[in-house]
């Protein structure tokens, strides 16, 4: 009985020893795993600190770059309020900016927010280009680029080009003036002869007046060209077309129908109204002279998808032959026996003086001229 108890105690001791050995082994494993985990935590913390420092360095560098940009940068939220801006934006637009609606700031600085990519004059007299990009959070980033020097250079080059062309026109105009001037002198001298009856005198007077009118038109065309860059103000495109129509209506013959259409009643442009009316009138008069009745002549005002203004002069007449389309805006190029060839070149000059463009569209029927100009903000 005693032996059995001793055996039982021995067995329990052996089991306890085995259990202690197993516990020691597991403890060693846990201690090793803990040391390894602690090392990994230390390394991860170091990596996080390094990444955070890197992010802070990148953020500081990006902030310095934005502040140092020569262009103005504005960050808008989804409501259009300015949340951030750089010193260049403050210099261009003035205070206050933070928390202000971008549209309100644009109105204060006379900046057209829809005039993307255009040379827009600020109240300060400087010119900027506007670029806008949407952000993922529904806001926008706006970039204002100061293009004052480029704009002034463009104005200077345009003026120089106009003077050069004006010189060429003046040289050619001497030949254009010679014919009607000689005719006027001839008929006027005939009127001084004593043996002329009243019928001859009336005919000579009519011929003289006709020659002088031709001279007058040449001089007016030259003045329109020279004054293409005259002072401009905001005017309604609908009002411009109505002025053109008033000049055209007395010249309409039987079978000729004039239509005025305006797709954007609030469409405004900054223009020298008399010179722009003259340019549109020139295109419309060409249509009347080139076609016989019946004729449909249409003047259309519309806004393009990118916010620019268009004036379209179209007719269903014979159109312009493909062979001469590339030359129609050249000075002194004409296919009419009594034409002087400077009408369309003057139209092109006047439109370009308004920072616009004019081209002959491929309409398939008749002739369609499209004048495109920067649009003014109606507000």
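The values are calculated or read from the model by the stated rules, or taken from the named source; none is laboratory data. Predicted, not measured: the structure shown is a model, and the values here were computed from it. Ideal geometry is used to build each Cβ from the backbone, glycine not excepted, and the neighbour counts take in all protein chains shown.
A few points about this structure:
- All told, residue 275 meets the bar of being touching a helix residue (DSSP H, G or I) at 6+ places or on another chain (Cβ under 6 Å), over 18 Å from residue 253 (Cα atoms) and not in a strand (DSSP E or B).
- Within the stretch 286-303, being surrounded by fewer than 18 Cβ atoms within 10 Å (Cβ to Cβ), outside any strand (DSSP E or B) and in contact (Cβ under 8 Å) with a residue 40 or more places away in the chain holds for 289, 290, 293.
Residue-wise test of (1) part of a loop (DSSP other than H, G, I, E, B); (2) touching a helix residue (DSSP H, G or I) at 6+ places or on another chain (Cβ under 7 Å); (3) modelled with pLDDT of 80 or more.
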{"residue": "305", "(1), (2), (3)": "yes, no, yes"}
{"residue": "314", "(1), (2), (3)": "no, no, yes"}
{"residue": "317", "(1), (2), (3)": "yes, yes, yes"}
{"residue": "329", "(1), (2), (3)": "yes, yes, no"}
{"residue": "333", "(1), (2), (3)": "yes, yes, no"}
{"residue": "338", "(1), (2), (3)": "yes, no, no"}
{"residue": "346", "(1), (2), (3)": "no, yes, no"}
{"residue": "360", "(1), (2), (3)": "no, yes, yes"}
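- Within the stretch 369-379, the set of residues being at pLDDT 85 or above and surrounded by fewer than 21 Cβ atoms within 10 Å (Cβ to Cβ) comprises 370, 372, 374.
- Hey, residue 155 under 30 Å from residue 80 (Cα atoms) and either outside any helix (DSSP H, G or I) or at pLDDT 70 or above (or both) or not: no
- All positions within the stretch 226-247 that are in contact with a strand residue (DSSP E or B) (Cβ under 6 Å, 6 or more places away or on another chain) and modelled with pLDDT under 90: 232, 234, 235, 245
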